[in-house]
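Data first, discussion second: the structure below is written as structure tokens.
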């Protein structure tokens, strides 16, 4: 019985050539399966990123969020220079009007999200308020591309050295400062805004004499 059992075991055991063939087939199958798995994973991740981008792009901008700033109640730092369209600019020219200074970047998702709201505000400014854009840590060409056909709707200033942002204490876009007709900062706003939110803030500032 022992010999018979040994014979059966020897007959069933794969010979070396068979073992090599099985290993080769397994390796070939793995090579075929892995690319499909990788492509499937990439496709799923890609769909997720596209969905997230669409969600952020179509998300309704939030209302105004005011933040503390040592500039509030004090004269606004000077903003002088040349607009992205080559026109001279001086913030003092808008004395007698409320001004909203917007620090933005083309790489900032929230800035792109709120852009339609700012365009609407610039087209129909509340109480004659003036919108002014300042490019934050970005190329002027990229900012112009982001503004598209509305690039001449309101003045936009480049800030290649970051001096304007430093004077206003800006460390992240979008950030906005509301300046009253006397040239004083009355509010700092962080995050995306809505036209209604800006109008409400300006209405309160005018009513309370901020």
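Report the per residue volume, in Å³, of the convex hull enclosing the C-alpha atoms of the range 65-208. It would help to have the intermediate numbers written out before the result.
Details: hull volume 14.0 nm³, N = 144.
Spelled out: Cα convex hull of the range 65-208, divided by residues, is 97 Å³.
Gain in length, residue 153 to residue 90, computed as 0.36 nm per residue apart minus the alpha-carbon separation, to one decimal in nm?
Working: separation 63, 0.36 × 63 = 22.68 nm, distance 1.67 nm.
Full-extension gain reported as 21.0 nm.
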Legend entry - Pair residue 184, residue 80: separation of 7 Å Cα→Cβ label points (nm): 2.4 nm
Legend entry - Sorted largest first, extent of the range 65-113 alpha carbons per principal axis (Å): 32, 31, 17
Inset, instruction - Compute the distance in nm between two label points, each set 7 Å from the Cα along the Cα-to-Cβ direction, one at residue 145 and one at residue 124. - result: 3.2 nm
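Every number here is computed from the coordinates shown, using simple stated rules; none is lab data. These figures come from a predicted structure and were not determined experimentally. A quick note on method: Cβ atoms are made from the backbone with ideal geometry, for glycine too, and the neighbour counts reach across all protein chains shown.
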